[in-house]
Amino acid sequence: MNMILITGAAGKTGKAVIRALVERGQVIKALAFRSEHARELEGLGAISVLVGDMRDAAILEKAVQGVRSVYHICPNVHPDEITIGQKIIAAASAAGISHFVYHSVLHPQTEAMPHHWKKLRVEERLFESGLPYTILQPAPYMQNILANWRDIVDTGSYSIPYAVESRISMVDLDDVALAAAIALTEEHPESHQPLHRNAIYELVGTQAMTQAEVAAILSEQLGRPVIAEVLPVEAWERKARASGFGDDQVNTLVKMFSYYENYGLSGNSQVLGWLLKRPATSLEAFAKRVAEVMLPSAP
Ligand SMILES: NC(=O)c1ccc[n+]([C@@H]2O[C@H](COP(=O)([O-])OP(=O)(O)OC[C@H]3O[C@@H](n4cnc5c(N)ncnc54)[C@H](OP(=O)(O)O)[C@@H]3O)[C@@H](O)[C@H]2O)c1
């Protein structure tokens, strides 16, 4: 059957990718962690929702049954990303999947950020598997800003746990989802093989901007003052632990903040523009779009 499996389906990435694929008329099987997400995923258009733990090889073997392609999204900063990757690649190989698309990250080569480095190890496993693959490497999402939208709008404070001068590229998750749908569906006109097989694409929307520049763009689009401010890492950690983050996640993200502060994270939007056949969405356009629907404050 011409079905596409999406793992990590109920997360923000999974839902965006499902929307983009359903708009293209694709048939989706979704793997979700909790049964309470099943109805939402069906509402988005998933034809079948499997509930289970992706650390469990038996669930992954079941998930790949009857599907043509796999779009693998590991949960964010998951300590078991490498073994999960190994298991799903093994299951996809055994099932004879014709295309495996892996949702990686910009600069997986960065050893100082353990969650990036783990994704590089999964990419390596994919090369070794012999499966036709596409690897997508997105920059940090513009949508991450929405986690603090209320503070930004209500107090004018855009707070980040690293220096205001840190220069970081970003990308609109909707552009990433469209790129994923393109990678999954475009075929070679004669062979009908996946057009983007055995390719690695960096998905970047903006040049690296300081956080002060990000705040200035938010301010301009919101029509009210917004200032970038450093949230001390200790305060960030308290909030993160209160929301359920464990030691591994906290330590990994603290390393990421330190890396951002020392080196930034800089990419180039040419590849994304080429894939989408239009320029990548700018932060100005993203902020304008969000402000139109989410002013005066986000939920
Ligand atoms: N955020 C960014 O800026 C960014 C940029 C580039 C790449 N990425 C990558 O994008 C990926 C997805 O990020 P995201 O923020 O969309 O992820 P997410 O919100 O963490 O979503 C992942 C989904 O997986 C589910 N899940 C958790 N543990 C699971 C398990 N053991 N078995 C099955 N499902 C499980 C979660 O369910 P529950 O919610 O019920 O726990 C959630 O629905 C990550 O690998 C991240 O590194 C993110």
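The values are calculated or read from the model by the stated rules, or taken from the named source; none is laboratory data. Keep in mind that what you see is a predicted model, and the values were worked out from it rather than measured. Here Cβ is always computed from backbone atoms with ideal geometry, including for glycine, and neighbour counts include all displayed protein chains.
Of all residues in the stretch 168-190, how many are within 14 Å of the ligand (Cβ to nearest atom) and either among the β-branched types (Val, Ile, Thr) or crowded, with 20+ Cβ neighbours inside 10 Å (or both)?
Our first condition is that a residue be within 14 Å of the ligand (Cβ to nearest atom); within the stretch 168-190, this holds for 168-177, 179-180.
Checking which are either among the β-branched types (Val, Ile, Thr) or crowded, with 20+ Cβ neighbours inside 10 Å (or both) leaves us with 168-173, 175-177, 179-180.
Within the stretch 168-190, residues that are within 14 Å of the ligand (Cβ to nearest atom) and either among the β-branched types (Val, Ile, Thr) or crowded, with 20+ Cβ neighbours inside 10 Å (or both) number 11.
If I filter the stretch 153-167 for residues that are at pLDDT below 95 and away from the ligand (no atom under 15 Å from the Cβ), do I get at least one hit?
Step one: filter the stretch 153-167 for residues at pLDDT below 95, giving 153-154.
Pick out the ones that are also away from the ligand (no atom under 15 Å from the Cβ) and you get 153-154.
Yes: the stretch 153-167 contains one or more residues that are at pLDDT below 95 and away from the ligand (no atom under 15 Å from the Cβ).
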Could you say whether any residue in the stretch 41-54 is assigned to a loop (DSSP other than H, G, I, E, B), surrounded by fewer than 18 Cβ atoms within 10 Å (Cβ to Cβ), near the ligand (Cβ under 8 Å from one of its atoms) and more than 17 Å from the chain's Cα centre (by Cα)?
-> yes
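State the number of residues belonging to the stretch 124-151 that are touching a Ser or Thr at 6+ places or on another chain (Cβ under 9 Å) and either within 12 Å of the ligand (Cβ to nearest atom) or not in a helix (DSSP H, G or I) (or both). Explain how you work it out, then say what you get.
Taking the stretch 124-151 and keeping what is touching a Ser or Thr at 6+ places or on another chain (Cβ under 9 Å), we get 129-132, 135-142, 148-151.
Going one step further and asking which of them are either within 12 Å of the ligand (Cβ to nearest atom) or not in a helix (DSSP H, G or I) (or both), we end up with 130-132, 135-142.
Here the count works out to 11.
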Can you pull out the residues in the stretch 14-27 that are buried (at least 24 other Cβ atoms within 10 Å of the Cβ) and among the β-branched types (Val, Ile, Thr)?
-> Val17, Ile18
Considering only the stretch 70-123, state which residues are near the ligand (Cβ under 8 Å from one of its atoms), surrounded by fewer than 21 Cβ atoms within 10 Å (Cβ to Cβ) and not in a loop (DSSP other than H, G, I, E, B).
-> Glu81
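Taking Ala58, is it within 15 Å of the ligand (Cβ to nearest atom) and within 13 Å of Ile88 (Cβ to Cβ)? I'd like the intermediate steps shown before the answer.
On the way: within 15 Å of the ligand (Cβ to nearest atom): yes; within 13 Å of Ile88 (Cβ to Cβ): yes.
Yes; evaluated as a whole, the condition is true for this residue.
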Would you check which residues across the stretch 1-40 are in a strand (DSSP E or B) and away from the ligand (no atom under 13 Å from the Cβ) and list them?
-> Met3, Ile4, Val27, Ile28, Lys29
Under 9 Å between Cβ atoms, at least 6 apart or on separate chains: pull out the pairs that start in the stretch 12-40 with a residue that is in contact (Cβ under 8 Å) with a residue 60 or more places away in the chain and more than 16 Å from Asn2 (Cβ to Cβ) and end on any residue that is within 14 Å of the ligand (Cβ to nearest atom) and acidic (Asp, Glu).
-> Ala16/Asp174; Arg19/Asp174; Ala20/Asp174
What residue, of Val70, Val77, is touching a Phe, Trp or Tyr at 6+ places or on another chain (Cβ under 7 Å) and of a type in the set (Val, Ile, Thr)?
-> Val70
Can you pull out the helices (runs of 4 or more DSSP H) entirely within the stretch 152-256 that have at least 3 residues that are of a type outside the set (A, V, I, L, M, F, W, C) and touching a residue at least 24 places away in the same chain (Cβ under 8 Å)?
-> 173-185, 211-222
